[in-house]
Amino acid sequence: MATVGFVGLGIMGRPMMRNLLKAGNTVVAYGRTKEKLDAAVADGALRGASNADVGARAPIVITMLPDGPEVEEVVLGGNGILSGAQAGSLIIDMSSISPIVSQRVAAACAAKGVDFIDAPVSGGEPKAIDGTLAIMAGASESAFQKAEPLLKCMGSSVTLTGPVGAGNTTKLANQIMVACNIAAMGEALTLATRCGLNPEVVVNAVKGGLAGSAVLNAKGSMLIARNFKPGFKIQLHQKDLRNALQTAEANHVFLPLTAQVQQMLSSLIADGKGELDHSAIATFVEEASHVEVKVPA
């Protein structure tokens, strides 16, 4: 059991925080939105007054935020977590951000004697709720050992992938595979539907073979049901692919498929679909082909 700070109470953060509470930990929560913070307190968390207050009251603080600028502001800002944290504290950032930003934040933390881990997750809202996220950590061995029991409250797979920055590099690799997989699924099911097939039958026929995947199982059914309630938003996946392309450029790596899908996501956002679940990546191909993937009436 531990006293843990938690900052970032959105679609992913709140269920992750609730799993920490369920495991018997004391959680000091804070977020910018009063309604979300009130909901966290109703769940059993203690109310934090600010990011700095959370840092002062909890020796371990977890952040779950949209992108790198928010992480830098929340951790390093004038009233940030680091301004309240004591030497020997640990900050675990579970946001999906650029590994370069993770390393920059870690260096600032180290200057104050505070350990930092980047530990992004995969699995979306359903796995955040049931505590079975895949967690990819970048950390020193000692910091990881300190964090591991808490991470296992939120994930069924917790892997130390290397030093700080490695967690987010691994997450970028994950996001490339997921985005390209959803786009390919969209092309395949659009073709099958245009040819007069029932896409549900097609999914059932192929999912036991090499084409089967967790993405197909989770996102194929959402596409066919026309259910785009966000477990992971298109605008966030576009951000992840942007970070992947920037990291690739810095390391002289060519990512043509990632670049293509990132442009598809940018187009969907321009079309007002940024708040939809990323299963709606498939609608880009549907609209271009004037086909809707669904079970025939």
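Where a number appears in this text, it was derived from the coordinates with a stated rule and is not lab data. Small disclaimer: the values here were computed from a predicted structure and weren't measured. All Cβ positions, even for glycine, are placed from backbone atoms using ideal geometry, and neighbour counts span all protein chains on display.
Modelled label positions at Asn227 and Lys22, each set 7 Å beyond Cα in the direction of Cβ, lie 1.9 nm from each other.
Going highest first, how would you order 155-166, 7-18 by mean Cβ packing within 10 Å? Write out the running numbers ahead of the final one.
Details: 155-166: 18.8, 7-18: 23.1.
Ranked by mean Cβ neighbours within 10 Å, highest first: 7-18, 155-166.
Here the dipole of the range 189-261 is about 260 debye; that uses its Cα centre as origin and unit charges on the Cβ of Lys and Arg (positive) and Asp and Glu (negative). Computed from point charges on the beta carbon alone (+1 for Lys and Arg, -1 for Asp and Glu), the dipole magnitude for the chain about its Cα centre is near 440 Debye. Taking a straight line from the alpha carbon of Lys294, these aspartates and glutamates sit under 14 Å away, with near neighbours fewer than eight places off in the same chain left out: Glu187, Glu200, Glu286. State whether the range 98-174 is rounded, prolate or oblate according to the following rule on the C-alpha gyration tensor (a ≥ b ≥ c being the square roots of its eigenvalues): a/c under 1.5 gives rounded; otherwise a/b larger than b/c gives prolate, and the remaining case gives oblate. Since a/c reaches 1.5 and a/b is larger than b/c, the shape of the range 98-174 is classed as prolate. Taking the average, over residues, of other Cβ atoms within 10 Å as the packing measure, peptides 106-113, 255-262 rank 255-262, 106-113 from highest down. Helices meeting the span-like rule in the chain (full DSSP H runs, Cα extent of at least 30 Å along the helix axis, mean Kyte-Doolittle score of 0.0 or higher): 166-194.
So what's the back-of-envelope 222 nm ellipticity for the chain, counting only DSSP H runs of four-plus at -39500 (n - 2.57) apiece and dividing by all residues, rounded to 500?
Numbers: 14 runs with 152 residues, N = 297.
Result for the chain: -15500 deg cm²/dmol, rounded to the nearest 500.
In terms of the Cα gyration tensor, with a ≥ b ≥ c the square roots of its eigenvalues, is the range 3-164 rounded because a/c is under 1.5, prolate because a/b exceeds b/c, or oblate? Taking the square roots of the gyration eigenvalues as a ≥ b ≥ c, the range 3-164 is rounded. Past 32 Å, Cα to Cα, is the threshold; run Lys22/Lys219; Lys22/Lys207; Lys36/Lys171; Lys22/Lys171 against it and keep the listed order. From the list (Lys22/Lys219; Lys22/Lys207; Lys36/Lys171; Lys22/Lys171), the Cα-Cα distance tops 32 Å for Lys22/Lys207. Shape class of the chain from the Cα gyration tensor (axes a ≥ b ≥ c, square roots of the eigenvalues): prolate, since a/c reaches 1.5 or more and a/b is larger than b/c.
Find, among the trypsin sites (Lys or Arg not before Pro) in the range 165-236, those assigned to loop by DSSP (not H, G, I, E, B) with at most 14 other beta-carbon atoms within 10 angstrom.
Working: sites: Lys171, Arg194, Lys207, Lys219, Arg226, Lys233; in loops: Lys207, Arg226.
Answer by residue number: Lys207, Arg226.
Each Lys or Arg adds one and each Asp or Glu takes one away; over the other residues whose Cβ falls under 13 Å from the Cβ of Ala192, this sums to -2. Placing a label point 7 Å from the Cα of Asn251 along the Cα-to-Cβ direction, the residues of the range 95-117 whose backbone N falls under 20 Å from that point are 95-107, 117.
What percent antiparallel are the DSSP beta bridges of the chain, to the nearest 5? Write down the numbers at each step before the final one.
Working: 4 of 29 bridges.
Expressed as a percentage, antiparallel bridges in the chain total about 15.
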